[in-house]
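One structure is given below, encoded as structure tokens.
Coordinate-derived values only; no laboratory data. Model, not experiment: these values are computed from the prediction. Note that each Cβ is placed from the backbone with ideal geometry, even for glycine, and that neighbours are counted across all protein chains shown.
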Amino acid sequence: MVKSRDNLHKVGRLIEIVSRNRSGGVIFALIVLIILASLLSPYFLSAYNLQALTRSLAFIAIIALGQACLLLVGELDLSLGAIAGFCGVIGGILMVNFSINHWLAFILCILLGAACGLVNGTLVAKLNLNSLVVTVGMSGVYQGLNLVISHGRAITGIPEEIYFLGQGGILGIPMPFIIMFGVAAIVLLITQYTLFGRYMYAIGNNREAAKILGVKVNRVRIVTFAIAGLLAALSGMVMVARLGSSQPAIGQEWVLPSIAASVIGGVSPAGGIGNPVGAILGAGITGVIENMIVIFGVSPYWQTAVSGIVVVAAVSLDSIQKIIRERRGL
């Protein structure tokens, strides 16, 4: 009996150490995964595979940065993948059917994504609705509009001038990966070094207390939804540049991995805890796992299952940490 209690204490102590050093733990886990993958397959560390890995995880990471910002204020958006696909299709139509300048169309679609996020945030904040329910519904709206406008067909003839954003690179580093780091730098600046960022943490920790202190809670929440929508549209448009066409299916598989990446990266689903930039590390872990599935010839259908398992495991760890902290506080 005493031995069992000692073992439980050791487990609790281990989890507490992980909770205090979440970023270090995530980096350690990522390094272990990379070493394991490189030992199990000689192809993992090949230049081609590393480029493919970094290019693919960049799209998830960009959306995950937006999702992490939402988690920080205690919200969640399940329509970000649909927004990415919707904006990608609109971008293709503007560039191909209406012959609008490709850079102008690119910017307009990013702003459209921000507008979609603004709609989501306004419904959630002003009508005091649950973000999960609202964004599930809005996901159906954006996906429906996507299919109605595109008729379910890819839009080809995208100007080659924007291909560089998705297919190019600098010094061997894929351009989407570079864009991801640019976005991460901006998110880090906003969340860690601005008054708006402090408001985000305050709202996530205690929304009512933030109101009492004079924080315009609803405005901050709505703007955060808009930021997430903007990043989703950016990811969708970069994917259009990557494919050289606007595919209606863009973004359909991005939501679950973006949540997994955010939570693994140390952002608490309860809000107010974590650094959104940690989502990049989380995206790295999910990306390596999915890459290993492909390299080892496992059915790609397992990718969705693995993403779900990772989300549940990460959320469970966060909940266990919270329970341990509460019990030690007693």
Quick one: grab Rg to one decimal and Dmax as a whole number for the chain, Cα atoms only, in Å. 20.4, 75
Net dipole in debye of the chain [+1 Lys, Arg Cβ; -1 Asp, Glu Cβ; about Cα centre; nearest 20]: 1120
Ranked by how many other beta carbons lie within 10 Å on average, peptides 37-50, 167-180, 103-116 from highest: 103-116, 167-180, 37-50
With N denoting the number of residues in the stretch 231-282, provide Rg(C-alpha) divided by 2.2 N^0.38 Å, to two decimal places. 1.34
Residue-averaged [θ]222 nm for the chain, counting only DSSP H segments that reach four residues, each worth -39500 (n - 2.57): -25000 deg cm²/dmol
